[in-house]
Structures are given as C-alpha cells and as structure tokens.
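Structure first, then comments.
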Amino acid sequence: MVIYLHGNLGAGKTTLVRGVLEALGYPGRVKSPTYTLVEPYHIAGLDLRHFDLYRMHDEHEWDSAGFRDEFDGHNIFFIEWPEKAQNQIPQADVEIVLDILHRGRNAEIHANTEIGKQCTANL
Ligand SMILES: Nc1ncnc2c1ncn2[C@@H]1O[C@H](COP(=O)(O)OP(=O)(O)OP(=O)(O)O)[C@@H](O)[C@H]1O
Ligand SMILES: [Mg+2]
C-alpha cells in the first residue's frame with residue numbers, strides 16, 4: 001500500500017502521519033523524517049514506513065539508499081514529496097492533497113487502485 005502526501009511546506013503531511021500512528025496506538029514520538037529520509041514503525045501488526053523525500057538530491061539516491069528493497073508488498077508507505085523521486089518510487093494506491101486554509105486544512109483523497117478504493121471506502 002503506497003500513499004503519497006502532497007502539499008506545500010507546512011501543509012500538514014507529517015501531522016497526518018502522526019495522527020494515523022496515534023490512532024493505531026503508537027505510544028512513541030513521531031519525528032519528521034526530514035534528515036533521515038525514512039522512519040520505520042511497527043504497530044498493530046503493521047509495518048509502516050514514513051518517507052520525506054524533500055532533501056533527496058537526485059533520483060539515484062533512492063536506489064543507493066536501498067529503499068527499493070523496502071517495497072516487498074508487505075509494508076505500508078506514506079511518502080511526503082514523492083515528486084522528488086517520481087520515476088523511482090512505486091505508483092500510489094492513494095494520494096492525499098493537503099491545502100492550508102485560514103483555519104485548519106483541506107484534504108482531498110484520491111484512490112488510484114482497487115486496494116486504494118477498498119481503503120478509502122472504509123474511511
Ligand atoms: N489540520 C491542521 N490544522 C491546523 N494546523 C495544522 C494542521 N496540520 C498541521 N498543522 C500545523 O502545521 C505545521 C506544519 O505541519 P507539518 O509539519 O505536518 O507539515 P508538512 O506538510 O509535513 O511540512 P513539510 O513539507 O515541511 O514536511 C505544524 O505546526 C502543525 O501543527
Ligand atoms: Mg513533513
């Protein structure tokens with residue numbers, strides 16, 4: 001399952017992932033993967049990977065960091081700034097577009113695949 005998170009700096013992408021992890025019962029701190037590029041989580045029987053690709057310098061960094069091996073059909077991915085590695089990373093099952101409003105945020109949720117549609121139908 002691959003979820004792209006679109007939106008400007010500060011739109012709330014990391015906050016959304018934090019909310020998902022908290023809802024799953026994750027008790028620890030959820031840091032932004034700004035410098036590490038990825039933070040792994042294991043909670044509620046799920047393996048999640050939270051990527052922030054903003055600081056990726058070029059697309060080859062994806063392969064050289066070994067990230068391709070993470071896509072084993074088992075992990076769940078939240079990817080901030082997917083456009084920084086658009087030819088390297090798998091297609092999104094779900095895309096979430098966040099916009100900053102005067103108060104709060106607007107979230108548009110698009111399902112691109114069958115599994116994505118099953119997921120959003122349960123929201
Ligand atoms: N739904 C929301 N309503 C109000 N404030 C929010 C909301 N979501 C996030 N914020 C606030 O906006 C700020 C930036 O949020 P966040 O770090 O999640 O953005 P981001 O999209 O991950 O940015 P970046 O691209 O820099 O990683 C934080 O101070 C956060 O508390
Ligand atoms: Mg962020």
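The values are calculated or read from the model by the stated rules, or taken from the named source; none is laboratory data. Model, not experiment: these values are computed from the prediction. Virtual Cβ from ideal backbone geometry, glycine too; neighbours counted across all protein chains shown.
Descriptive notes on the structure:
- Residues of the range 49-83 that turn out to be within 15 Å of ligand 2 (Cβ to nearest atom), in contact with a helix residue (DSSP H, G or I) (Cβ under 9 Å, 6 or more places away or on another chain) and charged (D, E, K, R), as a count: 4
- Criterion applied to Glu95, Glu61 was being over 15 Å from the mean Cα position of the chain (by Cα), more than 12 Å from ligand 1 (Cβ to nearest atom), surrounded by 13 or more Cβ atoms within 10 Å (Cβ to Cβ) and outside any loop (DSSP other than H, G, I, E, B), and the one residue passing it is Glu61.
- Number of the condition not met by Pro27 [criteria: (1) at pLDDT 95 or above; (2) surrounded by 12 or more Cβ atoms within 10 Å (Cβ to Cβ); (3) assigned to a loop (DSSP other than H, G, I, E, B)]: (2)
- Number of the exception - Gly66 against (1) farther than 23 Å from Asn8 by Cβ; (2) surrounded by 14 or more Cβ atoms within 10 Å (Cβ to Cβ): (2)
- The range 17-40, residues that are more than 9 Å from ligand 2 (Cβ to nearest atom) and either within 10 Å of the chain's Cα centre (by Cα) or at positive phi (or both): Gly25, Leu37, Val38
- Taken over the range 29-59, the criterion of being within 18 Å of Asn75 (Cβ to Cβ) and not hydrophobic (A, V, I, L, M, F, W, C) is satisfied by Pro33, Thr36, Glu39, Pro40, Tyr41, His42, Gly45, Asp47, Arg49, His50, Asp52.
- Contact annotation: residue pairs with Cβ atoms under 7 Å, 6 or more positions apart or on different chains, pairing a residue in the range 5-32 that is among the charged types (D, E, K, R) with a partner that is surrounded by 12 or more Cβ atoms within 10 Å (Cβ to Cβ) and assigned to a loop (DSSP other than H, G, I, E, B), are Lys13/Gly7; Arg18/Val30.
- Gly10, sole failed condition from (1) in contact with a strand residue (DSSP E or B) (Cβ under 8 Å, 6 or more places away or on another chain); (2) of a type outside the set (A, V, I, L, M); (3) over 16 Å from Val94 (Cβ atoms); (4) surrounded by 13 or more Cβ atoms within 10 Å (Cβ to Cβ): (4)
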